[in-house]
């Protein structure tokens, strides 16, 4: 047997270090988070996506009593993009998530105890949502995932967050 390995990485910094278009992406995600309907988990998620034309689309989580019918924020944002533009390549995803009673400020400086110190602390979408994002990356593993947490922003890629992918390409679909 051979062992195959992949190094996973993420950059951590302050929102001011991001390009303007990525700062706007997180601002839309933060606004979407405010509209979340999460009476069961009380965990509010907002997501914004940018397509290759530079347009922004956003969504929030919408929970239902039968959890299987809950709409995840990533799915909501991407489905909105497809509804408005048809199949479209996602070039970046912005994520802002926290318990409902936590106010999220994108500009705060992180406290030393809240700084991200390990890759396991990096906030990424759930597996279900990573698959949905991958479907609209059009086989580009370098699509950025940008999350805001505790005054920091974390930037990684769909390829790092979902290293062993299955998607349209494996089914013979080529966008």
Open item on the list: Quick check on my filter: what residues within region 53-98 are in contact with a helix residue (DSSP H, G or I) (Cβ under 7 Å, 6 or more places away or on another chain) and free of Cβ contacts under 8 Å to residues at least 24 places away in the same chain?
Closed with: none
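Residue by residue, here is whether (1) over 25 Å from residue 31 (Cβ atoms); (2) touching a strand residue (DSSP E or B) at 6+ places or on another chain (Cβ under 7 Å); (3) modelled with pLDDT under 90 holds:
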{"residue": "103", "(1), (2), (3)": "no, no, yes"}
{"residue": "120", "(1), (2), (3)": "yes, no, yes"}
{"residue": "126", "(1), (2), (3)": "no, no, no"}
{"residue": "129", "(1), (2), (3)": "no, no, no"}
{"residue": "147", "(1), (2), (3)": "no, yes, no"}
{"residue": "152", "(1), (2), (3)": "no, yes, no"}
{"residue": "159", "(1), (2), (3)": "yes, no, no"}
Open item on the list: Among the residues in region 100-118, are any over 17 Å from residue 133 (Cβ atoms), under 17 Å from the mean Cα position of the chain (by Cα), in a strand (DSSP E or B) and in contact (Cβ under 8 Å) with a residue 24 or more places away in the chain?
Closed with: no
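With respect to residue 146, determine if the residue is crowded, with 18+ Cβ neighbours inside 10 Å and more than 20 Å from residue 57 (Cβ to Cβ).
Criteria not met by residue 146.
When the residues of region 1-19 are narrowed to those that are farther than 23 Å from residue 162 by Cα and touching a strand residue (DSSP E or B) at 6+ places or on another chain (Cβ under 7 Å), which ends up surrounded by the fewest Cβ atoms within 10 Å (Cβ to Cβ)?
Here is the first cut: in region 1-19, the residues farther than 23 Å from residue 162 by Cα are 1, 14-17, 19.
Cutting the leftovers down to touching a strand residue (DSSP E or B) at 6+ places or on another chain (Cβ under 7 Å) gives us 14-15.
Working: 14: 14, 15: 18.
Out of the qualifying residues, it is 14.
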Open item on the list: Being touching a strand residue (DSSP E or B) at 6+ places or on another chain (Cβ under 7 Å) and within 16 Å of residue 47 (Cα to Cα) is the requirement here; does residue 95 meet it?
Closed with: yes
TODO: Identify, by number, the condition in (1) outside any helix (DSSP H, G or I); (2) over 30 Å from residue 66 (Cα atoms) that residue 35 doesn't meet.
DONE: (2)
Task: In region 156-165, residue surrounded by the fewest Cβ atoms within 10 Å (Cβ to Cβ) [restricted to those that are touching a helix residue (DSSP H, G or I) at 6+ places or on another chain (Cβ under 8 Å) and not in a helix (DSSP H, G or I)] - done: 165
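The values are calculated or read from the model by the stated rules, or taken from the named source; none is laboratory data. Here the structure is a predicted model, which means the values were calculated and not measured. Methodologically, a virtual Cβ is constructed for each residue, glycine included, from the backbone with ideal geometry; neighbour enumeration extends over all protein chains shown.
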